[in-house]
1. Report yes if residue 128 is closer than 20 Å to residue 29 by Cβ, surrounded by 14 or more Cβ atoms within 10 Å (Cβ to Cβ) and at pLDDT 80 or above, otherwise no.
2. So which residues in the stretch 21-40 are in a loop (DSSP other than H, G, I, E, B) and either at pLDDT 85 or above or under 21 Å from residue 110 (Cα atoms) (or both)?
3. Among all residue pairs at least 6 apart or on different chains, which show Cβ distances below 6 Å where the first residue, located in the stretch 144-169, is more than 13 Å from residue 131 (Cβ to Cβ) and in a loop (DSSP other than H, G, I, E, B) and the second is at pLDDT 80 or above and open to solvent by 30 Å² or more (accessible area, probe 1.4 Å)?
4. If we keep just the residues of the stretch 48-96 that are buried (at least 18 other Cβ atoms within 10 Å of the Cβ) and part of a loop (DSSP other than H, G, I, E, B), which is modelled with the highest pLDDT?
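The values are calculated or read from the model by the stated rules, or taken from the named source; none is laboratory data. Note that the structure is predicted; figures quoted are calculated from it, not measured. Here the Cβ is made from the backbone with ideal geometry for all residues, glycine too, and neighbour counts use every protein chain on show. The area values use the complete protein model at the heavy-atom level, side chains included, leaving out ligands, DNA and RNA. Shrake-Rupley method; radii C 1.70, N 1.55, O 1.52, S 1.80 Å.
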Amino acid sequence: ERAAKAFGALLVHAGMNGDFFSRVREAQRLTVFLCQSDGKKMTRVPEGLFIQFRRDMRPHCFHMSILFSEICAASGIPARLWALENDDFDGAGSHSVVEAYDGPAGRWVFFDPAQNVYAMKDGRPLSFMELREAALEGGKIVFMGLDGGGESLPGPAFYRRLARNAFLRTANDYLGQY
């Protein structure tokens, strides 16, 4: 509850309003800001937010996905997390991504806060399952930077390798635990 109130205050301060993509881009901007690292630890995440996150570790995709999804939810955009695993299940080949619900369009849209991207095909944003299908079938996917940038974006091979084993996380109140 304290975390939700803190995010609510951040969102009011940030002026989270506008269309779906404007709000999602602002959620990404806040996620990146909160996850800024001095190379050893996150420097702006509120104390105690991630108990399991050791002070000497840098933020990774799971933490960024939690923050991004919670910021989206606090701004009125439903969001859910996906866990991706490569075929060897060694933990090193895992990744976390998010889908946010675009109410006016009536569909879920894939976002990867750690890679700062979303995916498009035929001029429309993809859900995670659409991205998974296109990646596994070798379809043409265009990755767009959430911040408008297009440099250093992952290609379909990155998600093809991880999308074979995908798990929708059903317990999405991660911040409520801290």
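1. No: the conditions fail for residue 128.
2. Filtering the stretch 21-40 for residues in a loop (DSSP other than H, G, I, E, B) gives 35-36, 38-40.
Within the stretch 21-40, 35 is the sole residue that qualifies.
3. Sorted first by the residue in the stretch 144-169, then by its partner, the pairs are 146/25; 146/116.
4. Here the answer is 77.
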